[in-house]
1. So is GLN191 touching an Asp or Glu at 6+ places or on another chain (Cβ under 8 Å), of a type outside the set (A, V, I, L, M) and either modelled with pLDDT under 95 or assigned by TED's automatic domain parsing to the domain that holds ARG62 (or both) or not?
2. Please pick out the residue among ARG66, ARG62 that is closer than 15 Å to GLN41 by Cα and exposed (fewer than 15 other Cβ atoms within 10 Å of the Cβ).
3. Could you please let me know if THR140 is closer than 18 Å to ILE189 by Cα, in contact with a Phe, Trp or Tyr (Cβ under 7 Å, 6 or more places away or on another chain) and either not assigned by TED's automatic domain parsing to the domain that holds GLY70 or not small (Gly, Ala, Ser) (or both)?
4. Taking the residues in segment 70-88 that are among the hydrophobic types (A, V, I, L, M, F, W, C) and modelled with pLDDT of 95 or more as candidates, determine which candidate is farthest from ASN58 (Cα to Cα).
5. Do you know which of the residues in segment 71-85 that are in contact with a Leu (Cβ under 9 Å, 6 or more places away or on another chain) and touching a residue at least 40 places away in the same chain (Cβ under 8 Å) is nearest to TYR149 (Cα to Cα)?
6. Name every residue in segment 154-186 that is touching a Leu at 6+ places or on another chain (Cβ under 8 Å) and aromatic (Phe, Trp, Tyr), in order of residue number.
7. Where residues in segment 135-154 are of a type in the set (A, V, I, L, M, F, W, C) and surrounded by 21 or more Cβ atoms within 10 Å (Cβ to Cβ), which of them is farthest from ALA208 (Cα to Cα)?
8. Considering only segment 103-114, I want to know if a residue exists there that is under 21 Å from VAL147 (Cβ atoms) and in contact (Cβ under 8 Å) with a residue 60 or more places away in the chain.
Amino acid sequence: MLNTPNPLSQHQETFFGSSRWVQPVNDGRRGVVLSSGRTRQQMSVVQAMGFDALVSGNCQWRPGDRIAVGFQSAISGVETTIPGTVHSLEQKQKEIELGIVLEDQVPDRYVLRLPGCMRANIRYTCSIPGKLHWLQPHSTSCPATVVNYSREGICLQSEESPDAGTELKFSWLNDGRQMIITGTARWTIDQNGSLLTGCELTNDMGYAIAGVTMRSFQKLP
């Protein structure tokens, strides 16, 4: 199963003392340390659940970069480190928000959801233009834009949309290469004159929209 943790857990727990501790960001949010090679950078946790972490701060990493995410517990003095890959970057005023897909699930003690959030995965905003195609009740193609994605699905904006339960595919260009993902329409709503379609993916995960696939993961050096 795609959402099943690796039986050989990627968690690594270490005690952080003076040699490993990085001055925390004093903004009242939980701390997390991103690291790659000898670089360690303190960030703040915006959301963390399932295999997703959304963190905020100032850093040098970009989508596609492999990093380790160290969740810190000030009470126990333990840092739980999980490898992952950056797939989303958004400038937020003076800080950057990074979306990171992890190779193992966020431990329960580090889960952080927005108030009232009941989702199992984080949604990431984007604007990826392409073409939407489906066959039922007849072959239809139309321009569409992915406006957000999560681990298991995408949300498409278009002028036409398939009925719920219809199998579909979305194609787009990534660095000059044509990419295709397939899925099933789960819901459609009318919003300000255009249609939004929620799609559950069947051949890949939503991170593929950002150019990151689970199959490309390799162990950190």
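1. On the way: touching an Asp or Glu at 6+ places or on another chain (Cβ under 8 Å): no; of a type outside the set (A, V, I, L, M): yes; either modelled with pLDDT under 95 or assigned by TED's automatic domain parsing to the domain that holds ARG62 (or both): yes.
Spelling it out, it is not the case that GLN191 is touching an Asp or Glu at 6+ places or on another chain (Cβ under 8 Å), of a type outside the set (A, V, I, L, M) and either modelled with pLDDT under 95 or assigned by TED's automatic domain parsing to the domain that holds ARG62 (or both).
2. Numbers: ARG66 fails: exposed (fewer than 15 other Cβ atoms within 10 Å of the Cβ).
Criteria check complete, one pass: ARG62.
3. Numbers: closer than 18 Å to ILE189 by Cα: no; in contact with a Phe, Trp or Tyr (Cβ under 7 Å, 6 or more places away or on another chain): yes; either not assigned by TED's automatic domain parsing to the domain that holds GLY70 or not small (Gly, Ala, Ser) (or both): yes.
Taking the combined requirement at face value, the residue does not satisfy it.
4. As a first pass, look at segment 70-88 and keep what is among the hydrophobic types (A, V, I, L, M, F, W, C): 71, 74-75, 78, 82, 86.
From the residues that got through so far, the ones that are modelled with pLDDT of 95 or more too are 82, 86.
Numbers: ILE82: 20, VAL86: 14 Å.
Filtering segment 70-88 for residues that are among the hydrophobic types (A, V, I, L, M, F, W, C) and modelled with pLDDT of 95 or more, the one farthest from ASN58 (Cα to Cα) comes out as ILE82.
5. Filtering segment 71-85 down to residues in contact with a Leu (Cβ under 9 Å, 6 or more places away or on another chain) leaves 82-85.
Next, only the ones that are touching a residue at least 40 places away in the same chain (Cβ under 8 Å) stay: 82-83, 85.
Numbers: ILE82: 22, PRO83: 21, THR85: 16 Å.
Here the answer is THR85.
6. PHE170
7. Quick first cut of segment 135-154, residues of a type in the set (A, V, I, L, M, F, W, C) only: 135, 142, 144, 146-147, 154.
If we keep only those that are surrounded by 21 or more Cβ atoms within 10 Å (Cβ to Cβ) too, we end up with 144, 146, 154.
Working: ALA144: 16, VAL146: 12, ILE154: 10 Å.
It comes out as ALA144.
8. Start the filter on segment 103-114 by keeping residues that are under 21 Å from VAL147 (Cβ atoms), which leaves 114.
The next check asks that each one be in contact (Cβ under 8 Å) with a residue 60 or more places away in the chain; those that pass are 114.
Yes, segment 103-114 contains a residue that is under 21 Å from VAL147 (Cβ atoms) and in contact (Cβ under 8 Å) with a residue 60 or more places away in the chain.
The values are calculated or read from the model by the stated rules, or taken from the named source; none is laboratory data. All of these numbers come straight from a predicted model, not from anything done at the bench. Please note: Cβ atoms are built from the backbone with ideal geometry, for glycine as well, and neighbour counts cover all protein chains shown.
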